[in-house]
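Q: Sharing a structure here in structure tokens format.
Any read-out appearing in this document is the output of simple, stated calculations on the displayed coordinates, not a laboratory observation. Owing to the predicted nature of the structure, the values given are computational and were not obtained by experimental measurement. For neighbour counting, all protein chains shown are included, and Cβ atoms are generated from backbone atoms with ideal geometry for every residue, glycine included.
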Amino acid sequence: MSVIAGLNRKHNAVITVRDADVVAAALRRALAEAPPEDRAALERAVALVESTAEATDAQIRARWARDLLTAAGYTGDLASVAAVKALRQADPRLSLLAAVQLQKEAIAHPE
């Protein structure tokens, strides 16, 4: 899960909070106790969580930025000034520096 914490004109950090390890552990416990008919679905869930956990912080922030732009209805070029503006309008807590960082990561890590 990606979180923006304490962003304002003085704070430009975009932090990433990872909890995939906690989710994966809970799924593994459930898998260990699961009846045979539930095992296939839980094995798939564990594989999905583990693949997500392999993403770097930059990839997670890039995904979050793209999701934020999509939710805001932005369909233009990621490399444009309009994308930075759309990010800041979608989340007013973003400083210009933080929005540019997110834009660069979204460009560098396309899905």
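Q: Please go through the range 35-84 and write out the GluC sites (Glu not before Pro) that DSSP classes as loop and that have at most 10 other C-beta atoms within 10 Å.
A: Hits after loop and neighbour filter: GLU54.
Q: How would you rank 55-61, 21-27, 97-103, highest first, on the average number of other Cβ atoms within 10 Å across their residues?
A: Output ranking for 55-61, 21-27, 97-103: 97-103, 55-61, 21-27.
Q: Stretch GLU111-ASP38 to full length: gain in nm at 0.36 nm per residue minus the Cα-Cα span?
A: 23.2 nm is the gain from fully extending GLU111 to ASP38.
Q: Just how large is the dipole of the range 20-108 about the Cα centre, in debye to the nearest 20, putting +1 at every Lys and Arg Cβ and -1 at every Asp and Glu Cβ?
A: 420
Q: Hey, another quick one. Go through ALA90, THR52, ALA24 and say which Cα lies farthest out towards the positive end of the charge dipole of the range 20-108; charges sit on Cβ, +1 for Lys and Arg, -1 for Asp and Glu.
A: Working it through, the farthest residue towards the positive pole turns out to be ALA90.
Q: Given 0.36 nm per residue, what is the gain on full extension from LEU97 to ALA25 after removing their alpha carbon distance, in nm?
A: That pair, LEU97 and ALA25, stretches by 22.3 nm at full extension.
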